[in-house]
1. Averaging the inverse of every distinct alpha carbon separation and then flipping it gives the Kirkwood radius. What is it for the chain, in angstrom units?
2. Accessible area per residue of region 6-116 at 1.4 Å probe, in Å²?
3. Given the protein chains as shown and a 1.4 Å probe, how many square angstrom of T99 are accessible, to the nearest 10?
4. Taking 30 Å as R0, compute the FRET efficiency from the Cβ-Cβ separation of S116 and F29 and round it to 0.05.
5. Roughly how many percent of the accessible protein surface of the chain is carbon and sulfur, given a 1.4 Å probe and a whole-percent answer?
6. Compute the FRET efficiency between Q101 and V5 as 1/(1 + (r/R0)^6), taking r as their Cβ-Cβ distance and R0 = 25 Å, and round to the nearest 0.05.
Amino acid sequence: QVQLVESGGGWVQLGGSLRLSCAASRSTFNIYAMGWYRQAPGKQRELVASVTRDSRTNYADSAKGRFTISMDNVKNTVYLQMNSLKPEDTAVYYCNAPTTQGVSYWGQGTQVTISS
């Protein structure tokens, strides 16, 4: 079983920055990508950004130009640099790691709160 351990959430003012990290507890060859989702109160969980092991990235429209996702294949860690944060970015952010076997691992979630 792979565990995803997230860190870096917190509280920041409008326009501020945060960097989220998510580390897999062990290396596994069948994780082909890692990504971040978020869920705000009363809303469905949505994709924020994802990155494959060969560095192909995908961003939600709301994240483009403000967020940058990257992955360290050696450390099995994914990072999400979030700049120019807005109150609507407030949510619980979840790390995700899909596998080639169809299993998808999830982190426990980290709260991000932006105040205006």
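1. Working: mean 1/r = 0.0710 Å⁻¹.
Kirkwood radius, the chain: 14.1 Å.
2. On the way: 5810 Å² over 111 residues.
Per residue, region 6-116 has 52 Å² of solvent-accessible surface.
3. 10
4. Efficiency at R0 = 30 Å is approximately 0.10.
5. Details: 2970 of 6200 Å².
Carbon with sulfur: 48 percent of the solvent-accessible area.
6. Values: r = 21 Å, r/R0 = 0.85.
For Q101 and V5, the calculated efficiency is 0.70.
The values are calculated or read from the model by the stated rules, or taken from the named source; none is laboratory data. This one's a predicted model, so the numbers in the text were calculated from it and none came from an experiment. No Cβ is skipped: glycine too gets one built from the backbone with ideal geometry, and neighbour counts run over all protein chains shown. Remember, those area values only see protein heavy atoms, side chains included, never the ligands or the DNA or RNA. Shrake-Rupley method; radii C 1.70, N 1.55, O 1.52, S 1.80 Å.
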